[in-house]
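Working notes, structure below.
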Amino acid sequence: MAAGYGEILRARHAARLLAGTLVGRLPNATAAIAIVLFVRADAGTYGLAGGLAAVYGVANAVGQPVLGRLVDLHGQPRVQLPAALASALAMAGFAFTGTGQLVLAYVWVAAAGLFTPPLEGGLRALWPSVLGRQEQVPTAYAMDAVAQEVMFTVGPLLVTLCVSLWSAGVALVVLSLVGVLGALSVVVSPPSRAWRSAPREAHWLGALRSAGLLALLGSFLFVGIALGSITVASVSYADGHGGDAVYGWLMAGVGLGALVGGTAYGARRWTGEPARRLRVLVALLAVCYLPLTVMPGVVAMVVLMVVAGVFLAPVIACAFVLVDRHALSGTVTEAFSWVVTTFTVGSSVGTGLAGPVVEAGGALWGFAVPGVAGGVSLLVLLATGRVLAAPAGGAVVAASSENDPNRAAEPRFSSGDRA
């Protein structure tokens, strides 16, 4: 397992690109908690903090596919770095002006979310050209998914450290500057500067013209709903079993499960049809959510949360392969950015949906939501099975294609197919 990941990281530029992308995404990973802590320190209400965090999230969901399309059209350096600077300046503006002028505060936060650079999609577009053997690309996707779990675990800790050392406002500025440095490290690298999108057909729908991508987005919306609803249900459970400390352990359990599952998944080279494999993984994900409704004691509940998280990273990594396969020519960064947007929207919907459910039926019904959402995600995949099994047609892979050509490992892939 370690040898497989080590081989990828030893590839020229791979470790730098992965590290730079993770560091560049720190402002996005920490934005919600940083905004809440800043508003609280600025004598604002929790309602205002939640509203500002929600505006950031919505703006980020809108901006990712738009900026992803611009990356496909104009290259990574010309879009990623200016976007990172604009987002950092907006967040710094929010930190300096505070919440005294509400309209201005909302504008600053919206701009920071809107201009968040699509580094995540950009990295996945680079993997095929960075790695020496194309069969390593799925393993790189799994490593990418695992690294994200680490980032979303470490990120909030960095926010609280900065707040304790300095202040909430300084934390906003420092993390934004760190994000710019991460983006800079990526865009000045030779693979990023050399990368060019394949020729594309001009169309206002862009990546959304792909039926396979739409099927994946429909499924991933409900995966996001499942994950978002777990957070609310866990708060309700923790309130009756020890408070915030228990909630922290529950969320850490989900993260640990995703780390273990993603690491194990990426250690194996998978053959066979990825669409079929994704259906199996989503089914297992949904099944592992169901025991949460038992709501045992704290220790057992943490164990169940670990189990519930095991198949999350494998689902994401397998879906990346299918995104590459179904992204139309010249739209790969935008396609990956749509996945990020859909997952974000789904998580927000899940959070909003689980609140009334928990109020009406308690934590038990709250934990039923992710199981149901996982089941609906599986139904979407089953209903669109033929679409997902067929490769996107009509595109030719360039020698330096931005897509994932896993043709040797996956049936239906040939030198003329889009990955």
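Which of the listed residues, Thr293, Ile225, Pro314, is farthest toward the dipole's positive end in the range 223-341, when Lys, Arg count +1 and Asp, Glu count -1 at the beta-carbon?
Projecting each Cα onto the dipole axis, the largest value belongs to Pro314.
Return the sequence-ordered ³J(HN,Hα) values of the range 327-343 in whole Hz as given by the Karplus equation 6.51 cos²θ - 1.76 cosθ + 1.60 applied to θ = phi - 60°, using x for Gly and Pro.
5, 5, 3, x, 10, 5, 5, 4, 4, 5, 5, 5, 5, 4, 4, 5, 5
Compute a Gaussian network model of the chain, connecting alpha carbons closer than 10 Å, and tell me which residue from Leu165, Leu278, Leu382 fluctuates the most.
Looking only at Leu165, Leu278, Leu382, the largest GNM fluctuation is found for Leu165.
With labels modelled as points extended 7 Å from the Cα through the Cβ direction, what inter-label distance (nm, one decimal) is found for Leu181 paired with Val107?
3.1 nm
When the helices in the chain are scored as -39500 (n - 2.57) per DSSP H run of 4 or longer and the sum is shared across all residues, what 222 nm value do you end up with, to the nearest 500 deg cm²/dmol?
Details: 17 runs with 317 residues, N = 419.
Computed ellipticity for the chain at 222 nm equals -26000 deg cm²/dmol.
At 1.4 Å probe size, with the rest of the protein present, what percent of the exposed accessible area of the chain is carbon and sulfur atoms? Walk me through the intermediate numbers first.
Details: 11630 of 16490 Å².
Of the solvent-accessible surface of the chain, carbon and sulfur hold 71 percent.
Over the heavy atoms of Trp270, what accessible area does a 1.4 Å probe trace out, to the nearest 10 Å²?
It works out to around 70 Å².
Pick from Leu85, Leu67, Leu364: which is most flexible by mean-square fluctuation in a GNM of the chain where alpha carbon atoms under 10 Å apart are linked?
Of the options given, Leu364 has the highest mean-square fluctuation.
Cα extents of the chain along the three principal axes, largest first, in whole Å?
58, 47, 41
Roughly what % of Cα-Cα distances in the range 170-251 sit above 15 Å, to the whole percent? Kindly include the intermediate steps, with their values, before the conclusion.
Values: 2584 of 3321 pairs.
The answer is 78 percent, as a whole percent.
Order Arg269, Arg200, Arg16, Arg78, most accessible first, counting only protein heavy atoms with a 1.4 angstrom probe.
Working: Arg269 120, Arg200 60, Arg16 95, Arg78 175 Å².
I get Arg78, Arg269, Arg16, Arg200, largest accessible area first.
To the nearest 20 debye, what is the magnitude of the charge dipole of the range 196-339 about its Cα centre, counting +1 on the Cβ of each Lys and Arg and -1 on the Cβ of each Asp and Glu?
Numbers: 9 positive and 6 negative charges, 122 e Å.
Magnitude of the dipole: close to 580 debye.
As a test of reading the structure, rank Arg10, Arg276 by solvent-accessible area (1.4 Å probe, protein chains only), most first. Don't jump to the answer; show the numbers that get you there.
Numbers: Arg10 180, Arg276 135 Å².
Sorted by accessible area, descending: Arg10, Arg276.
Could you order Tyr265, Tyr247 by accessible surface area, starting with the largest, using a probe radius of 1.4 Å?
Numbers: Tyr265 20, Tyr247 70 Å².
Greatest to least solvent exposure: Tyr247, Tyr265.
For the chain, with every protein chain kept in place, what is the accessible area per residue (1.4 Å probe, Å²)? Present the calculation step by step, with values, prior to reporting the outcome.
Details: 16490 Å² over 419 residues.
Here the residues of the chain average 39 Å² of exposed surface.
Placing unit charges on C-beta atoms (Lys and Arg positive, Asp and Glu negative, everything else neutral), compute the dipole magnitude of the chain about its Cα centre in debye, rounded to 20. It would help to have the intermediate numbers written out before the result.
On the way: 23 positive and 18 negative charges, 206 e Å.
The dipole magnitude comes to about 980 debye.
Can you tell me which of Arg40, Arg124, Arg25 moves the most in a GNM of the chain? Springs connect C-alpha atoms under 10 Å apart.
So, out of Arg40, Arg124, Arg25, the one fluctuating most is Arg40.
Let's test the formula: R0 of 22 Å, r as the Cβ-Cβ distance of Val170 and Val58. What FRET efficiency results, to the nearest 0.05? Don't jump to the answer; show the numbers that get you there.
Details: r = 26 Å, r/R0 = 1.18.
The pair Val170/Val58 has a calculated efficiency of 0.25.
Can you give me the C-alpha center-to-center distance between the range 18-70 and the range 271-291, rounded to a whole angstrom?
31 Å
What list of ³J(HN,Hα) couplings, whole Hz, do you get for the range 137-149 from phi and the Karplus terms 6.51, -1.76, 1.60, once you set θ to phi - 60° and write x for glycine and proline?
4, x, 5, 5, 4, 5, 4, 4, 5, 5, 4, 5, 4
The values are calculated or read from the model by the stated rules, or taken from the named source; none is laboratory data. Just so it is clear, the model here is predicted, and its values are computed rather than measured. Don't worry about glycine lacking a Cβ; one is built from the backbone with ideal geometry, like all the others, and counts go over all protein chains shown. For the accessible areas, the whole protein counts, side chains as well, though only heavy atoms, and no ligand, DNA or RNA atoms are used. Shrake-Rupley method; radii C 1.70, N 1.55, O 1.52, S 1.80 Å.
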